[in-house]
There are 2 protein chains.
Amino acid sequence: MYENLEQMSHMLNNLHGILTKGEEHAKEHGLEHDALLEAKLYEDMHALTRQIQACTDTLKFAAGRLSGKTDAMPAFPDEEQTFEELHARLDKAIDYFATFSAEDFEGASERHITLPFAKTMYAMGDDYLYGFAIPNFYFHVTTAYAILRNQGVPVGKRDFIGGFKMQPIEG
Amino acid sequence: MYENLEQMSHMLNNLHGILTKGEEHAKEHGLEHDALLEAKLYEDMHALTRQIQACTDTLKFAAGRLSGKTDAMPAFPDEEQTFEELHARLDKAIDYFATFSAEDFEGASERHITLPFAKTMYAMGDDYLYGFAIPNFYFHVTTAYAILRNQGVPVGKRDFIGGFKMQPIEG
């Protein structure tokens with residue numbers, strides 16, 4: 001379980017680099033920042049800013065709910081209006097997750113998780129994590145990337161995936 | 001580990017429904033199927049067909065490599081040209097994954113995984129799964145969804161996430 005949350009935090013870190021490329025692209029092409037921050041893939045979809053808010057929320061809620069520390073979850077008011085503020089939002093989620101360690105999630109697979117959109121129900125921790133939090137998280141991270149790509153920002157799969165640990169085969 | 005792979009298989013099942021809505025939309029609007037199958041978010045990105053090929057490949061490779069059964073991985077030639085053939089591709093990956101059980105992945109966290117793009121290196125099973133296979137998988141599933149959404153197909157988050165297990169709170 002912890003490895004999944006840790007990877008989410010890595011993905012938010014990758015979004016720092018992706019947003020920076022967006023900002024550079026806006027400068028180079030003389031675009032208002034809003035042109036990217038408010039860009040969408042379709043008229044009734046959420047814009048870039050909301051995608052960043054949603055994926056940071058998803059990691060916050062997953063860590064808070066699965067550890068049983070919902071009372072200590074920080075508030076993330078959705079007030080970001082600049083690239084700088086979106087970077088700060090990413091950092092808030094990364095920093096919050098860094099306060100946890102693997103031990104905080106012992107027994108979390110069987111924890112009963114309640115959700116604001118289904119108040120009379122609960123999900124087991126594992127069902128919530130795999131069936132909802134992970135797909136929802138990657139949905140918003142990928143859509144943030146896709147919005148910038150759709151607007152012509154030169155980001156690539158390498159920016160999305162980031163690095164992962166490999167080591168030389170000996171012999 | 002198995003839960004992550006199982007969820008990938010669920011996501012491919014959700015893509016059946018998403019593709020069906022795409023096909024219905026094409027019929028309703030008198031579009032050639034190719035208009036959707038070859039649609040992209042940006043000129044140098046992959047089209048819908050390739051996104052489906054990529055996410056099915058990712059589950060196949062993750063299951064085959066992590067279980068150590070790479071010799072028995074089926075070939076998925078990239079020849080799909082119709083919605084029907086894309087549904088069949090999804091089923092090939094879902095059916096292949098169904099041949100595994102959780103026991104096949106015992107010890108897989110520490111298995112040495114080699115990848116065709118880095119032949120002198122290996123990744124530990126966990127680093128490959130969390131750092132590469134999962135983000136790559138969700139990247140292509142979400143992009144497939146985003147391409148259809150960008151083309152006006154009326155799919156929603158519910159189609160993407162599908163159902164997850166919740167139960168009534170008693171008392």
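The values are calculated or read from the model by the stated rules, or taken from the named source; none is laboratory data. Source: prediction; values computed, not measured. Using ideal geometry, Cβ is built from the backbone for each residue, glycine included, and neighbour counts are taken over all protein chains shown.
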Problem - Residue, farthest from the other protein chains (Cβ to nearest Cβ), within region B:1-59, restricted to residues that are among the acidic types (Asp, Glu) and farther than 16 Å from B:Leu86 by Cβ - result: B:Glu28
Handout entry: A:Ala108 vs. criteria within 14 Å of another protein chain (Cβ to nearest Cβ) and surrounded by 19 or more Cβ atoms within 10 Å (Cβ to Cβ)
Key = yes
Exercise for the section: Only one of these is surrounded by fewer than 17 Cβ atoms within 10 Å (Cβ to Cβ) and outside any helix (DSSP H, G or I): B:Asp95, B:Asp44. Name it. Expected result: B:Asp44
Problem - Conditions (1) buried (at least 18 other Cβ atoms within 10 Å of the Cβ); (2) within 16 Å of the chain's Cα centre (by Cα): number failed by A:Phe76 - result: (1)
Problem - Residues that are within 30 Å of A:Thr120 (Cβ to Cβ), at the interface with chain A (Cβ under 7 Å from one of its Cβ atoms) and surrounded by 20 or more Cβ atoms within 10 Å (Cβ to Cβ), drawn from region B:143-163 - result: B:Phe160
Practice task
Could you list, in sequence order, all residues of region A:11-41 that are surrounded by 17 or more Cβ atoms within 10 Å (Cβ to Cβ), of a type in the set (Gly, Ala, Ser) and assigned to a helix (DSSP H, G or I)?
Solution key: A:Gly22, A:Ala26
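A quick yes/no check of all residues on (1) closer than 30 Å to A:Tyr42 by Cβ; (2) over 15 Å from the mean Cα position of the chain (by Cα); (3) not hydroxyl-bearing (Ser, Thr, Tyr):
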{"position": "B:Glu84", "(1), (2), (3)": "yes, yes, yes"}
{"position": "B:Thr99", "(1), (2), (3)": "no, yes, no"}
{"position": "B:Glu106", "(1), (2), (3)": "no, yes, yes"}
{"position": "B:Ser109", "(1), (2), (3)": "no, yes, no"}
{"position": "B:Pro116", "(1), (2), (3)": "no, yes, yes"}
{"position": "B:Met121", "(1), (2), (3)": "no, yes, yes"}
{"position": "B:Asp126", "(1), (2), (3)": "no, yes, yes"}
Practice task
Of the conditions (1) away from chain A (no Cβ under 13 Å); (2) within 17 Å of the chain's Cα centre (by Cα); (3) polar (S, T, N, Q), B:Thr70 clears all except one; give me its number.
Solution key: (2)
Practice task
May I ask you to verify whether A:Phe160 is aromatic (Phe, Trp, Tyr), under 30 Å from B:Asp44 (Cβ atoms) and assigned to a helix (DSSP H, G or I)?
Solution key: yes
Handout entry: Tally of residues being under 15 Å from B:Leu90 (Cα atoms) and within 15 Å of the chain's Cα centre (by Cα) across region B:19-57
Key = 11
Practice task
Please work out if A:Tyr145 is out of contact with any helix residue (DSSP H, G or I) (no Cβ under 7 Å at 6 or more places or on another chain) and not aliphatic (A, V, I, L, M).
Solution key: no
Exercise for the section: Could you tell me whether any residue of region A:112-125 is assigned to a helix (DSSP H, G or I) and modelled with pLDDT of 95 or more? Expected result: yes
Practice task
Quick one: B:Phe100 ticks every box in (1) touching a residue at least 60 places away in the same chain (Cβ under 8 Å); (2) within 13 Å of another protein chain (Cβ to nearest Cβ) except a single one, so which number is it?
Solution key: (2)
Fill in the blank from the handout: If we keep only residues of region B:115-127 that are of a type outside the set (A, V, I, L, M, F, W, C) and facing chain A (nearest Cβ under 7 Å), then the residue surrounded by the fewest Cβ atoms within 10 Å (Cβ to Cβ) is B:Thr120
Handout entry: Test result for A:Ala62, closer than 23 Å to B:Phe160 by Cβ, more than 14 Å from chain B (Cβ to nearest Cβ) and either in a helix (DSSP H, G or I) or modelled with pLDDT of 95 or more (or both)
Key = no
Handout entry: Yes/no for A:Tyr138 being within 14 Å of the chain's Cα centre (by Cα), in a helix (DSSP H, G or I), at pLDDT 95 or above and facing another protein chain (nearest Cβ under 7 Å)
Key = yes
Handout entry: Test set (1) farther than 25 Å from B:Ala144 by Cβ; (2) in contact (Cβ under 8 Å) with a residue 60 or more places away in the chain; (3) buried (at least 18 other Cβ atoms within 10 Å of the Cβ) - B:Ser67 fails condition number
Key = (2)
